[in-house]
Amino acid sequence: METSMEESFSYDENLLDKKAIRSFVRLNRILGQFPKKDGIECVLCQEKTKIRNLHDMFKAYACAVSCLVHHTKSVGDADLFVFFEVEDFVMKKIKRREMCTIRDVLEYKRDTKEMYEDALREQLVAVYKTYFIEDAIKINCEQDIESIVYKYYKLADDCLRKKFTAKSLELILTLLFRRNELIRFFKVFSSGKKSRAAFKLALLFTLKPESHISTEILLKEFEDVEFEKDSLFPYSGNIGSIRKVSKMLEDSETDIGEWFKMQKERIYWEECVQMWAANRESDAAAMDNSMVEICIKNKRYEDGWLICKNDVEGTNVSVSKACILCFKGLKKNPKSNAWKARIGEIVEYSISTGNVNSFHVLIDEVLTKLYEVSPSHRISILRRFSKMISCLHRSEDLTVDFFKGLQELCSRCEDFETRNLCIKYSEQAYEEWRKDRKKKFLFFKRQGLQDILIYRTLLEIYGSMKDCRRFYSVYQDLLKSNIELTKELCIKLEGLHIQDCEECILKRNRVVVNKDQRIAFNFLNKP
């Protein structure tokens, strides 16, 4: 076949690459030098084809593979890079989008461009299959198109294979690794020179469930092996697929075991992402929520935040998962203002929705845990909760939880600013609750358990702060309320204040009886 490139108006001509054309011209010349079998019809050798677009390129590639497999009697020494560059080009044109990161998945859109690329991929594969028909069943070929590099290696006799350098073998193994062809890979790996890079690729292949070689056996077998010094890696050339493998093989650790551990974690994570991507279209809400949980378990907090941020309508990721993610992210990066801002963003957004369940989550997952972060972050986040106070009237359980959250902070934090804010917000929330309670008093003559818990929690806050004035004020409100003060309640209330407080005005009189003359307080009393 005489190969050339012509002017064309084909819609995919811009996808061609002059370097790939030059490589194919060189490949054509190399194949022409090999001895041929008699009586075989070969398009590559008998026809003149001009490469004007991708379809022509795939036809030419199929004809080249067919010539090598069916028409070529034997092969001689040749530049493997030429074979590699041609195959690498056609493989790139039919490969599917790789979904290895969270960002890859979130940025993917099934738009017109994607549909065009899918259609073009199918057309190119169809062209290839028209001009190359395999005689045998493709058991070990994992791709839609056959590997011309491997077919060349397979035709090489033992004498020629012995001449293959470690670099040449690394090139073949790199391509087979990229093609995910495990059996072919180990056939080449086991019969040639061994480099450190080739051994690393073999280790990664042992992680596959279908691998017939275990990691332990391979490590033991090569424990004392001295690897070839001549290597393709680290690679600094301009072939992207080799650069990608080179980056994966690089490591700052001299110990292969440590490198392998890191790669194992990387592969596991990519599998998680790919599974999430594959199932996301059927139920985005469930999948996103589950993936955030996986991000939390694997400490991939930035990845989890990308999912939360992408959920602009707030329907996929639960508030609980978002809060846990952000809080753990802040604890891992205690000096990060970004995570502080993200927690604040979640708090403000959740409050703006007015969803009571979200309020409970914010209190449980953020407010009650603020003692775990630095005072500066704590104050900044705590201030966001001031907007929740006006919503507490929606549920007395919510009011109780809010006071308990403040009480938790008061008991665990020693800094003045945190305690001062807790006092301020407790007063504001208490006033809102009292106003709402007065409205309800027209309908309910006896107060419930929530009222008792609110009084008790407030008294705990002011008692722990030794704030006698506020403690006494709430205590007076309690006595004036319709709450039935049982003996057990009185005993609990009695222990909420420091009994040896010298400034406490409650210590003046030792015994007071409530208006029913039934319950005695030891020192909690009216003046």
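Can you tell me which of Phe260, Phe233 is touching a residue at least 12 places away in the same chain (Cβ under 8 Å), among the aromatic types (Phe, Trp, Tyr) and outside any helix (DSSP H, G or I)?
Going through Phe260, Phe233 in turn, the sole match is Phe233.
Restricting to region 223-261, name every residue that is touching a helix residue (DSSP H, G or I) at 6+ places or on another chain (Cβ under 6 Å) and more than 15 Å from Leu171 (Cα to Cα).
Phe227, Asp251, Glu253, Phe260
Just to be sure before I move on: is Val82 touching an Asp or Glu at 6+ places or on another chain (Cβ under 6 Å), surrounded by 13 or more Cβ atoms within 10 Å (Cβ to Cβ) and in a helix (DSSP H, G or I) in the structure I sent?
Criteria not met by Val82.
Output the number of the condition that Lys50 fails; it satisfies all remaining conditions of (1) modelled with pLDDT of 95 or more; (2) outside any helix (DSSP H, G or I); (3) of a type outside the set (Ser, Thr, Tyr).
The single condition Lys50 does not satisfy is (1).
Just name the residue that is farthest from the chain's Cα centre (by Cα) out of those in region 355-376 that are surrounded by fewer than 15 Cβ atoms within 10 Å (Cβ to Cβ) and closer than 21 Å to Asn289 by Cβ.
Checking each candidate, the answer is Val356.
Scan region 150-203 residue by residue and report those that are aromatic (Phe, Trp, Tyr) and closer than 20 Å to Glu221 by Cα.
Matches in region 150-203: Phe185, Phe186, Phe189, Phe199.
List, please: which pairs have Cβ atoms under 7 Å, are six or more places apart or on different chains, and start with a residue in region 367-394 that is farther than 20 Å from Gln450 by Cα and end with one that is basic (Lys, Arg) and in a helix (DSSP H, G or I)?
Leu370/Arg378; Tyr371/Arg412; Glu372/Lys331; Val373/Lys331; His377/Lys340; Ser380/Lys340; Ile381/Lys340
Please indicate, with yes or no, whether at least one residue in region 69-77 is modelled with pLDDT under 95 and either under 38 Å from the mean Cα position of the chain (by Cα) or among the small types (Gly, Ala, Ser) (or both).
Taking every residue of region 69-77 in turn, none turns out to be modelled with pLDDT under 95 and either under 38 Å from the mean Cα position of the chain (by Cα) or among the small types (Gly, Ala, Ser) (or both).
Given the residues Ile51, Ile30, which is the only one that is closer than 25 Å to Glu122 by Cβ, buried (at least 16 other Cβ atoms within 10 Å of the Cβ), of a type in the set (A, V, I, L, M, F, W, C) and without any contact (Cβ under 8 Å) to a residue 60 or more places away in the chain?
Result: Ile51 is the single residue among Ile51, Ile30 that is closer than 25 Å to Glu122 by Cβ, buried (at least 16 other Cβ atoms within 10 Å of the Cβ), of a type in the set (A, V, I, L, M, F, W, C) and without any contact (Cβ under 8 Å) to a residue 60 or more places away in the chain.
Of Ser190, Ser211, which residue is polar (S, T, N, Q), in a helix (DSSP H, G or I) and without any contact (Cβ under 8 Å) to a residue 40 or more places away in the chain?
Answer to the selection: Ser190.
Considering only region 264-271, I want to know if a residue exists there that is among the β-branched types (Val, Ile, Thr) and touching a Ser or Thr at 6+ places or on another chain (Cβ under 7 Å).
Looking for residues that are among the β-branched types (Val, Ile, Thr) and touching a Ser or Thr at 6+ places or on another chain (Cβ under 7 Å), one finds none in region 264-271, hence no.
Given Leu173, Leu203, which one is more than 22 Å from Gln143 (Cβ to Cβ) and assigned to a helix (DSSP H, G or I)?
Selected residue: Leu203, the only one of Leu173, Leu203 that is more than 22 Å from Gln143 (Cβ to Cβ) and assigned to a helix (DSSP H, G or I).
Tell me the residue from Glu170, Glu134 that is touching a Cys at 6+ places or on another chain (Cβ under 9 Å), acidic (Asp, Glu) and farther than 13 Å from Val90 by Cβ, please.
On inspection, the qualifying residue turns out to be Glu134.
Could you go through region 303-316 and let me know if any residue there is closer than 20 Å to Val105 by Cα and basic (Lys, Arg).
Yes, some residue in region 303-316 is closer than 20 Å to Val105 by Cα and basic (Lys, Arg).
Val317 - would you say it is aliphatic (A, V, I, L, M) and not in a helix (DSSP H, G or I)?
yes
Answer yes or no: is there a residue in region 236-255 that is in a helix (DSSP H, G or I), loosely packed, with under 13 Cβ neighbours inside 10 Å and either among the hydrophobic types (A, V, I, L, M, F, W, C) or in contact with a Pro (Cβ under 9 Å, 6 or more places away or on another chain) (or both).
Within region 236-255 (the criterion being in a helix (DSSP H, G or I), loosely packed, with under 13 Cβ neighbours inside 10 Å and either among the hydrophobic types (A, V, I, L, M, F, W, C) or in contact with a Pro (Cβ under 9 Å, 6 or more places away or on another chain) (or both)), the answer is yes, since at least one residue qualifies.
Please go through region 169-199 and pick out each residue that is among the hydroxyl-bearing types (Ser, Thr, Tyr) and surrounded by fewer than 22 Cβ atoms within 10 Å (Cβ to Cβ).
The answer is Ser190, Ser191.
The values are calculated or read from the model by the stated rules, or taken from the named source; none is laboratory data. All values reported here derive from a predicted model rather than from experimental measurement. Heads up, the Cβs are rebuilt from the backbone with ideal geometry, glycines too, and the neighbour counts pull from every protein chain shown.
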